[in-house]
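Accompanying notes for the structure given below.
Read the figures in this text as sums done on the coordinates, not as results from a lab. Treat the numbers as computed from the prediction; the structure is a model and nothing was measured. Please note: Cβ atoms are built from the backbone with ideal geometry, for glycine as well, and neighbour counts cover all protein chains shown.
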Amino acid sequence: MENGMRTKYIEFTSEDSPEFIEAAMALREGRLVAFPTETVYGLGANALDSNAVRAIYDAKGRPADNPLIVHIADLEMLKPLVTEIKPDALKLISAYWPGPLTIILKKSGIVPEITTGGLDTVAVRMPDNFIALELIKKAGVPVAAPSANRSGKPSPTMAKHVLEDLDGRISYIIDGGPCKVGVESTVVDMTVDPAIILRPGGITPEMIERVIGRVELDKSILGKKAVDRPRAPGMKYRHYAPRAEVYVVSGSSEDIAAWLRSAVSEDEKSGKKSVILAAKEHIQEYGLEHAVSYGSINNASEIASNIFRLFRECDRMGTEKIYVEAIPREGIGLAVMNRIEKAAGGRIIHAGK
Ligand code: AMP
Ligand code: MG
């Protein structure tokens, strides 16, 4: 897509407003529309229209082998996209849709190769957001939608983040306020047995196991080195990253605090602009001039909803180094740690060792 097109910014008021209907029609006809979901803002295109989908890759600068998630508004929309829906997949769908769970199934012939990055499988989800569901319903087509950021940048959790990255590259942005969850959906591959979680997200492994029994975690999630041919192709790229260097700092609270205090004092001496993103319970350890709260250590959901916004705010302040206190990989904490580690691109510090 040509840079320099006009991007129409719509503040959502009602699903019956003329501009909302205009955006839905444009989406159906092959234009790009960014819209809120419960996870992050998505950049939507008609998933069945190869040219429209190609425009997503162009606008984002996204590598062509990184497949897209297809968003639907009801189960009737799912059937034509896939060859079959096995009982376990159906169980997950009834338990967690609409919601932050993406399911990978064998694709049918109507889904263009470009939508799935050349794979014979398709990733599908039903978002738990009124505006997203109304937009898809009105467009009347399944909507391919990756996160609405330039490739590699932190995902947008507010409409203004989309504007920062994509103004002049897409046709519409629908502002529906901040996203509730703040990290992307869980991606689970249901074409294999046992099922494998390829990306952790808002639906935790425990929540999936409760419904279908044993599920595996892809090695890339467990902090191991990525395999040559990752199962979720997108996960091999550096991701979610602000301009600043990101460091994840783990260890006991005392070791983390000691390491961080000495790191920021050295940065201060050498004139480096650095910031600590820490639990609100720990801020006083570092002082307000060095640290910003990402939420309570006892509330990983709160941290999830803040982390991408904080990365972007650090960029705006011209921060050169961001130190992030690690959190336990429990519940949605697994997804938060996955995003922070990707943003760090290997800068992982074990304090006290
Ligand atoms: P994004 O839309 O930017 O949140 O990224 C979508 C994620 O889903 C990426 O990590 C993709 O690699 C993954 N994904 C999408 N479709 C498939 C598929 N058919 N098989 C495996 N992973 C997929
Ligand atoms: Mg993304």
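Screening Val141 with (1) closer than 17 Å to Leu75 by Cβ; (2) within 15 Å of ligand 1 (Cβ to nearest atom); (3) not hydroxyl-bearing (Ser, Thr, Tyr) gives one miss only, at (2). Residues in segment 144-170 that are over 23 Å from Ala335 (Cβ atoms) and within 14 Å of ligand 1 (Cβ to nearest atom): Leu166 alone. Listed by position, the strands (runs of 3 or more DSSP E) contained in segment 258-330 that have at least 3 residues being within 20 Å of Tyr240 (Cβ to Cβ) and aliphatic (A, V, I, L, M) are 274-279. Leu260 falls short on exactly one of the conditions (1) touching a helix residue (DSSP H, G or I) at 6+ places or on another chain (Cβ under 7 Å); (2) in contact (Cβ under 8 Å) with a residue 60 or more places away in the chain; (3) under 28 Å from Lys160 (Cα atoms); (4) of a type in the set (A, V, I, L, M), and that condition is (3).
Here's a check for you: in segment 94-128, which residue that is in a loop (DSSP other than H, G, I, E, B), small (Gly, Ala, Ser) and more than 20 Å from the chain's Cα centre (by Cα) is nearest to Ala52 (Cα to Cα)? The selected residue is Gly118. Taking the criterion of being surrounded by fewer than 19 Cβ atoms within 10 Å (Cβ to Cβ) and within 21 Å of Glu302 (Cβ to Cβ), the residues of segment 159-192 that qualify are Lys160, Gly177, Pro178, Lys180.
Taking the conditions (1) on the phi < 0 side of the Ramachandran plot; (2) within 15 Å of ligand 1 (Cβ to nearest atom); (3) touching a Pro at 6+ places or on another chain (Cβ under 9 Å) in turn, Pro80 satisfies each one other than (2).
One line per residue, one yes/no per condition, for (1) among the basic types (Lys, Arg); (2) in contact with a helix residue (DSSP H, G or I) (Cβ under 7 Å, 6 or more places away or on another chain); (3) away from ligand 2 (no atom under 16 Å from the Cβ):
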{"residue": "Gly99", "(1), (2), (3)": "no, no, yes"}
{"residue": "Ile103", "(1), (2), (3)": "no, yes, yes"}
{"residue": "Lys107", "(1), (2), (3)": "yes, yes, yes"}
{"residue": "Val111", "(1), (2), (3)": "no, yes, yes"}
{"residue": "Thr116", "(1), (2), (3)": "no, no, no"}
{"residue": "Asp120", "(1), (2), (3)": "no, no, yes"}
{"residue": "Ala123", "(1), (2), (3)": "no, no, no"}
{"residue": "Asp128", "(1), (2), (3)": "no, no, yes"}
{"residue": "Leu133", "(1), (2), (3)": "no, no, yes"}
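Which residue is nearest to the chain's Cα centre (by Cα), if the candidates are limited to segment 34-90 and must be closer than 21 Å to Leu133 by Cα and of a type in the set (Asp, Glu)? Per the stated criteria, the residue is Glu38. Within segment 30-80, can you find the residues that are acidic (Asp, Glu), in a helix (DSSP H, G or I) and within 16 Å of ligand 2 (Cβ to nearest atom)? Correct list: Asp58 only. For segment 35-53, the tally of residues that are surrounded by fewer than 21 Cβ atoms within 10 Å (Cβ to Cβ), out of contact with any helix residue (DSSP H, G or I) (no Cβ under 6 Å at 6 or more places or on another chain) and touching a residue at least 24 places away in the same chain (Cβ under 8 Å) stands at 3. State whether one or more residues within segment 74-95 are over 24 Å from Asp193 (Cα atoms), surrounded by 20 or more Cβ atoms within 10 Å (Cβ to Cβ) and in contact with a strand residue (DSSP E or B) (Cβ under 8 Å, 6 or more places away or on another chain). No, that holds for no residue. A count restricted to segment 136-195 and to residues that are in a loop (DSSP other than H, G, I, E, B), aliphatic (A, V, I, L, M) and more than 12 Å from ligand 2 (Cβ to nearest atom) stands at 6.
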